[in-house]
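Single-structure report; data block below.
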Amino acid sequence: MRLRRTLLLALASLSLFAGVASAHGVTTRFDAPIPLPLLFGGAGVTVALTALFLTVTVEKTPTGVQRLSLLSSDTTSLLRRIASVVFLAIFSFVLVVGAVGPANARDNPATLFTWSVWLKGIGLFAVLFGSPWRTLAPWRTIYDGLSKVEGEQVALFVYPDRLGDWPALVGFLVLVGIAENLTSVPDSPRLTAVLLAGYALLMLVGGVLFGESWFERADPLAVLYGLFGRVAPFKIDGNGMDLRPPWQGCLPPARSLALSAFVVASVYTVSFDGFTETPEYQTLLFSARDATGFGPVVSVPLYLGGLLVFLAAFTLVAALTRQIAGRTKSDESWDGMSRALAPTVVPIAVAYEIAHNYPFVLQQFSRLLSVLGGPEIELLAWLSLSAFWVSQVLLIVAGHLVAVLSAHYVALERTDRVGWAHLPLTTLMVGYTVLSLWIISRPVAT
């Protein structure tokens, strides 16, 4: 109870710094009633003091997950089959309408559905209830049908251990990091349909070759939504639902070093997406274009270069944590420490994902309903500008507080010098808190 009251007070005190401000896609100014350095400092201090409080007062990892039985197994199986068939039908419709429908992305259901309701919307669902992708993935539905016909799981070869989760990481960088953020694909229904068809074909062929392991370790959306599901307070599983604190799923380590890199990439990519809208990025982009003569393609090395910086920073934090901790309880190497710490960063990625994308999802869903002949509903009409900016600040800081909690509990389980071992990651989190708030405070470059 004392921990809960402290976190609530921290969030409430931080809201005093939020004030009234404007947002990306809403206006181009950040009108804060106090100087921005005070806003950034208040957020950073909140995260740092929370870490200090945990170090001093919390000496054991809390346990307790409440299980609720919702439906019978037969009913759950039936609903999953219906959902998988419905999403496969929607996917097929998206491919067709993307290929032959209106060329304007704002008038084509393929682009409206793919990049908002699907890519971002399912991510937001996973944050609350766990990943539904095992059920919804259209290629898995086709694969399950093939396996049923064969009478066993289709797999011509054993999935190579050396591949690990690297295919999913590469796929995420290509699909989300580059195709979504740096190309004109989201603005073209035709290119969107081509991308989806290629994605589906690659997943299905990989599934036939390597079986279900391919879907679990090579499908970037499966891995991404699975990571988001780690923080789900309502985890739907089987025929019931687990009620749990959002840090509970962040305590088990990542299964591989590639998955640790995936976590860092997810944090970085959503930040980079916001950064591309700032005047500073536009200045950097055009300076790089002029210096190299590469044209727009220079945005790709800029993106990958920034990712390397984030990966290097996280690697350094893991190494410092391992060094400061001295002899850990499991006596693990730095890569073991990085796999242990990586899931604690997931709440940061999730918080910024929600803050950055929930207006986009609601806005595009409204547009999709209208394009499909439904009622014109403004789902953001209830959200005032001041409330929007308070939500942005509180979501980002709340995500960092959950990350701090997760990191503290991991340190409790793995090290004997909890306070000092927690210091490198806390410093990184404070720095990223300030960076995130700075990005959302910048005007939108038009």
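Here, each number is a calculation from the coordinates, and none is a lab measurement. Computed from a prediction, not measured in an experiment: that's the story for all the values here. Cβ coordinates were reconstructed from backbone atoms using ideal geometry, including for glycine residues, and neighbour counts include every protein chain displayed.
Quick notes on this structure:
- Restricted to Cα atoms, segment 107-181 shows a radius of gyration and a Dmax of 15.6, 44 angstrom.
- From least to most packed, judged by other beta carbons within 10 angstrom and beginning with the fewest, ILE122, ILE396 follow the order ILE122, ILE396.
- Ranked by the mean number of other Cβ atoms within 10 Å of their residues, highest first, the peptides 123-136, 97-110 come out as 123-136, 97-110.
- In range of the label at ARG81: residues from segment 105-141 whose backbone nitrogen is under 19 Å from the point 7 Å along Cα→Cβ: 134-141
- Calculated on the alpha-carbon coordinates, the convex hull of segment 66-243 measures out at 124 cubic angstrom per residue.
- Remark: the ASP237-SER92 segment gains 49.5 nm on full extension, using 0.36 nm per residue and subtracting the alpha carbon distance.
- Remark: ASP290, ASP187 ranked as ASP290, ASP187, counting other beta-carbon atoms within 10 Å and listing the fewest first.
- Were the residues from VAL444 through VAL300 laid out at 0.36 nm apart, the gain over their Cα-Cα distance would be 49.8 nm.
- Given their separation in residues at 0.36 nm each and the Cα-Cα distance between them, THR183 and GLN282 gain 34.1 nm when the chain is fully extended.
- Nitroxide proxy distance, nm - points 7 Å out along Cα→Cβ at LEU379 and VAL158: 4.6
- Positive-end extreme of charge dipole, segment 290-390 - chosen from VAL297, VAL390, SER370 (charges on Cβ): VAL390
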